[in-house]
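The structure appears below as structure tokens.
The values are calculated or read from the model by the stated rules, or taken from the named source; none is laboratory data. All values reported here derive from a predicted model rather than from experimental measurement. Ideal geometry is used to build each Cβ from the backbone, glycine not excepted, and the neighbour counts take in all protein chains shown.
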Amino acid sequence: MLIHVYKDAQEVGKAAAMIVAAEILKKEDCVLGLATGSTPIPTYKEMARMNKEGLIDFSKVRSYNLDEYIGLAPDHICSYRRFMNEQLFDHINIDKANTHVPCGIGEDHEADAKAYDEAVEAAGGIDLQILGIGHDGHIGFNEPGDEFISATNIVTLTDMTIDANTRFFEKRDDVPRQAITLGNRNIMAAKRIILLATGKDKAPAIAAAIKGNITPKMPASLLQVHPNVQFLLDEAAASLL
């Protein structure tokens, strides 16, 4: 586990984008695991800039997102598919047929979860996984619990997660109560992981994930045993280390 501390969120984004660029230069058809939320936005803006300037070519890249809300159609203003289109895919030369986000509106969510697992495996697994971290230590939407959830699954969101995501909706009642998410096994199977965290409010979770015991009550703590993981933090997020 390597820990890198940068001045602010913009510097974290630039560093993360350089790692993505290096991965694509190494393997032009690499598989990227992507995250949503406010934290990776500077990274995606920097990736788009580098693509526009001819420094990164996404034409053969494939991507798999971590999660999606149950009940939100892809064109819903708060869906993660729409987020990815607006924040990244619409601004780079990636083939959208090669971009994948879990289905949250299927008739059989368990079947959709299994199919997503199989699709990731058929793609050869994830070469580089970008993660954020929740205030309670969740990665993807794998919430704290009594055991680590392995495969892609349907989860019920905690009140803390609902509260944190309310800022993206008109009101709290509009936040879906469930999501479909890659499991911890999928995340840990990635060949390389970079976790991005910015802001003082993420400092307690970062400290627990890095310095605390490995426990499903702090899902990100599992990253301590991954063979190739880097934490990219701003000074505020790293303030309790």
Inset, instruction - Scan the range 63-106 for residues that are more than 22 Å from A190 (Cβ to Cβ), out of contact with any Leu (no Cβ under 8 Å at 6 or more places or on another chain), touching a residue at least 60 places away in the same chain (Cβ under 8 Å) and not hydroxyl-bearing (S, T, Y) and report the count. - result: 3
Inset, instruction - Give the residues of the range 88-100 that are surrounded by fewer than 20 Cβ atoms within 10 Å (Cβ to Cβ) and either of a type outside the set (D, E, K, R) or part of a helix (DSSP H, G or I) (or both), sorted by residue number. - result: D90, H91, I92, N93, K96, A97, N98, H100
Legend entry - Test set (1) assigned to a loop (DSSP other than H, G, I, E, B); (2) surrounded by fewer than 21 Cβ atoms within 10 Å (Cβ to Cβ) - K14 fails condition number: (1)
Inset, instruction - Residues being in contact with a Leu (Cβ under 7 Å, 6 or more places away or on another chain) and assigned to a strand (DSSP E or B): count how many of those fall in the range 17-33. - result: 2
Legend entry - Unmet requirement for G124, which otherwise passes all of (1) surrounded by 14 or more Cβ atoms within 10 Å (Cβ to Cβ); (2) of a type in the set (G, A, S); (3) touching a residue at least 12 places away in the same chain (Cβ under 8 Å); (4) over 19 Å from T39 (Cβ atoms): (1)
Inset, instruction - Among the residues of the range 176-210, count how many are at pLDDT 95 or above, closer than 16 Å to F141 by Cβ and either out of contact with any Gly (no Cβ under 9 Å at 6 or more places or on another chain) or of a type in the set (F, W, Y) (or both). - result: 1
